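J.: Submitted below is the structure of interest, expressed as structure tokens.
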Amino acid sequence: STYRLIIKGKVQNVGFRHWFSNQAITIGLNGYIQNLENLNEVEAIVQGSMEKILNIVEKSKIGPELSLVEGIIPNKIVSNVIYSGFIVKYN
């Protein structure tokens with residue numbers, strides 16, 4: 001499965017992307033995470049089993065120490081792209 005997660009709250013400039021990337025790698029998910037123009041949102045594309053995706057969604061509700069996650073919007077997407085590994089995109 002491939003999901004696009006929009007994670008809202010205090011999630012920029014608190015180490016959230018790096019933390020999320022480490023979690024994704026540990027869990028075994030592929031894809032990427034990046035900041036969005038809205039300073040209260042990050043976007044993650046995660047690819048893997050539903051079990052692994054649900055796992056990272058649950059972990060992300062808590063997030064790293066300095067973050068404050070207010071909500072996560074998951075959307076299943078149809079993707080022909082097969083991601084290998086997980087990266088932080090800097091835009």
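The values are calculated or read from the model by the stated rules, or taken from the named source; none is laboratory data. All of these numbers come straight from a predicted model, not from anything done at the bench. Cβ atoms come from the backbone with ideal geometry, glycine included; neighbour counts cover every protein chain shown. To get the accessible areas, we keep the full protein, side chains included, count just its heavy atoms, and leave off ligands, DNA and RNA. Shrake-Rupley method; radii C 1.70, N 1.55, O 1.52, S 1.80 Å.
J.: Can you name every residue in region 29-46 that is in contact with a helix residue (DSSP H, G or I) (Cβ under 9 Å, 6 or more places away or on another chain) and open to solvent by 10 Å² or more (accessible area, probe 1.4 Å)?
T.: Within region 29-46, the subset in contact with a helix residue (DSSP H, G or I) (Cβ under 9 Å, 6 or more places away or on another chain) is 29-35, 42, 44, 46.
The answer is N30, Y32, Q34, N35.
J.: Take V57 and decide whether it is in contact with a strand residue (DSSP E or B) (Cβ under 9 Å, 6 or more places away or on another chain) and crowded, with 17+ Cβ neighbours inside 10 Å. Outline the logic, then answer.
T.: Numbers: in contact with a strand residue (DSSP E or B) (Cβ under 9 Å, 6 or more places away or on another chain): yes; crowded, with 17+ Cβ neighbours inside 10 Å: no.
It is false that V57 is in contact with a strand residue (DSSP E or B) (Cβ under 9 Å, 6 or more places away or on another chain) and crowded, with 17+ Cβ neighbours inside 10 Å.
J.: Out of (1) at pLDDT 95 or above; (2) surrounded by fewer than 18 Cβ atoms within 10 Å (Cβ to Cβ); (3) of a type outside the set (A, V, I, L, M), the odd one out for G63 is which?
T.: G63 satisfies every listed condition except (2).
J.: Here's something else I'd like to know. Just name the residue that is least open to solvent (accessible area, probe 1.4 Å) out of those in region 1-28 that are assigned to a loop (DSSP other than H, G, I, E, B) and in contact (Cβ under 8 Å) with a residue 12 or more places away in the chain. Let's see the steps before the verdict.
T.: Keep residues of region 1-28 that are assigned to a loop (DSSP other than H, G, I, E, B), which gives 1, 11-15, 28.
Narrowing the set further to residues that are in contact (Cβ under 8 Å) with a residue 12 or more places away in the chain leaves 1, 11-12, 14-15, 28.
On the way: S1: 59, V11: 2, Q12: 26, V14: 21, G15: 43, G28: 35 Å².
Top of the filtered list is V11.
J.: Another question, if that's okay. Take the residues of region 66-91 that are hydroxyl-bearing (S, T, Y) and open to solvent by 100 Å² or more (accessible area, probe 1.4 Å): which is farthest from G31 (Cα to Cα)? Let's see the steps before the verdict.
T.: The first filter runs over region 66-91 and keeps only residues hydroxyl-bearing (S, T, Y), leaving 67, 79, 83-84, 90.
Then keep just the ones that are open to solvent by 100 Å² or more (accessible area, probe 1.4 Å); that gives 84, 90.
Values: S84: 7, Y90: 14 Å.
Here the residue is Y90.
J.: Would a scan of region 41-55 turn up a residue that is in a loop (DSSP other than H, G, I, E, B) and under 16 Å from Q12 (Cβ atoms)? Before you say what the answer is, go through the steps one by one.
T.: Of the residues in region 41-55, the ones in a loop (DSSP other than H, G, I, E, B) are 48-49.
After this cut, where a residue has to be under 16 Å from Q12 (Cβ atoms) as well, the list is none.
Within region 41-55, not a single residue is in a loop (DSSP other than H, G, I, E, B) and under 16 Å from Q12 (Cβ atoms).
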